[in-house]
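Working notes, beginning with the structure itself.
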Amino acid sequence: MRIIFDIGHPAHVHLFKHLARLLMKNGAEVLFTARDKEFELDLLKAEGFPFVSFGKHYRSLPGKLWGLVKFDVQMFLTGLRFKPDLFISHGTPYAAHAAFLLGAKNLAIEDTGNMEQVILYRPFTNAILTPAVLPKDLGPRQIRYNSYHEIAYLHPEFFTPNPSILSWLGVREDEEYAIIRFISWNATHDVGHKGMSAEDKVRLVKKLSERMRVFITSERGVSDELKPFCLSMPPDKFHHVLNYARIVISEGTTTGVEAGILGTPCVYISTFDDPNCREMEEFGLVFNTSESGKVFKMVDTVLDEKRETFRERAKTFLATKVNATRYYYDFIMERYQKNNAPIKNASWESTY
């Protein structure tokens, strides 16, 4: 098999990296494609995958419309040269359109259900795999499975926390620290939503810094008062940093879910009601609020509990889910082996 993985967000590198390696062990040739949006290219370099960059990502509406045409053409030309049997992505229209034009299969592994994107790729997609917790109906090609995207790379089979990260952070083994994650609110699914107010951000950092070290990661600039707390780190270190934190406060859903899976308690602050975070709240791992001012009481509640309690809750939670990477791999290989034919010629209709 020859497979193109299209990356639309840094988290997608993590989502697909172990799947790509499993497929490569089985003889597949893979190529990653990406736009230069945040630190996708840095992650691909760190992971050692071959990749093609399509250039800068566009943030404005006119830019996004132009990008749809430009990146479609670049993906098609890349596919002409690489000759893939299968495209895999987190539901990017570029992969779906190129697959259709090149006569290849397209697999969307989706967990947001942004309909403005779904309608662009769904007609050209053979299957859409979504976590069972996603409430949206994406049509007859949707296949639900009992896991999360974040489990694909944080499952104990694939992720081993590295305690040397504490030395890199400059904290002692017995020293507690907090991670605060602010997002840019520029993603399409963020439109109309918000997180913490500027005043509460400053207040939160001051409150936490009285008890422990505080590190901020932010997708955009912060106020001068908060700049001394900003942490610049290679993106491949982030999950190790999350693992050893005492608490995480996040405006972003991905960071919130990642923290919970690792057994690090998270207060998730956003007016966006994320189904993953809601389910993890039932296990006492992620605490949700849409009101900026309620974060402080939640933080106190979390810090009143023992750290190890959350580790045990995470084990209980993971026992209820399947290993997502193994599920994706088995899904692909079943269709390849069952048909005893190249994946692009295999029949996927029976999975609809």
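Before moving on, here are some points about what is shown:
- Along the chain, the longest continuous region that contains none of the trypsin sites (Lys or Arg not before Pro) in a DSSP loop with at most 12 other C-beta atoms within 10 Å is 60-171.
- About the centre of its Cα atoms, the chain shows a dipole size close to 780 debye [charges on the beta carbon of Lys, Arg (+1) and Asp, Glu (-1) only; nearest 20 debye].
- Here the contact order of the chain, divided by its residue count and restricted to Cα pairs under 8 Å and six or more residues apart, works out to 16 percent.
- Rounded to the nearest 20 debye, the dipole size of the range 165-318 about its Cα centre is 280 debye, using +1 on the Cβ of Lys and Arg and -1 on the Cβ of Asp and Glu.
- Cα lying deepest toward the dipole's positive end in the chain, options Thr33, Pro84, Met196, charges on Cβ: Pro84
- Exposure proxy ranking, count of Cβ atoms within 10 Å, fewest first, for Ser53, Ser292: Ser53, Ser292
- Eigenvalues of the alpha-carbon gyration tensor of the range 165-318, scaled by 5 and square-rooted, set the equivalent ellipsoid semi-axes at 20, 20, 15 angstrom, largest first.
- 21 Å Cα-Cα threshold exceeded, pairs from Lys17/Lys70; Lys206/Lys294; Lys70/Lys237; Lys25/Lys56: Lys17/Lys70; Lys70/Lys237; Lys25/Lys56
- Loop sites in the range 19-128: GluC sites (Glu not before Pro), DSSP, at most 16 other Cβ within 10 Å: Glu38
- More than 31 angstrom apart: percent of Cα pairs within the chain: 34
- The slack in the chain from Met212 to Leu65, taken as 0.36 nm per residue of separation less the alpha-carbon distance, amounts to 48.4 nm.
Every number here is computed from the coordinates shown, using simple stated rules; none is lab data. What you see is a predicted model; the values in this text were computed from it and never measured. In this analysis, Cβ positions are derived from the backbone assuming ideal geometry, glycine residues included, and neighbour counts consider all displayed protein chains.
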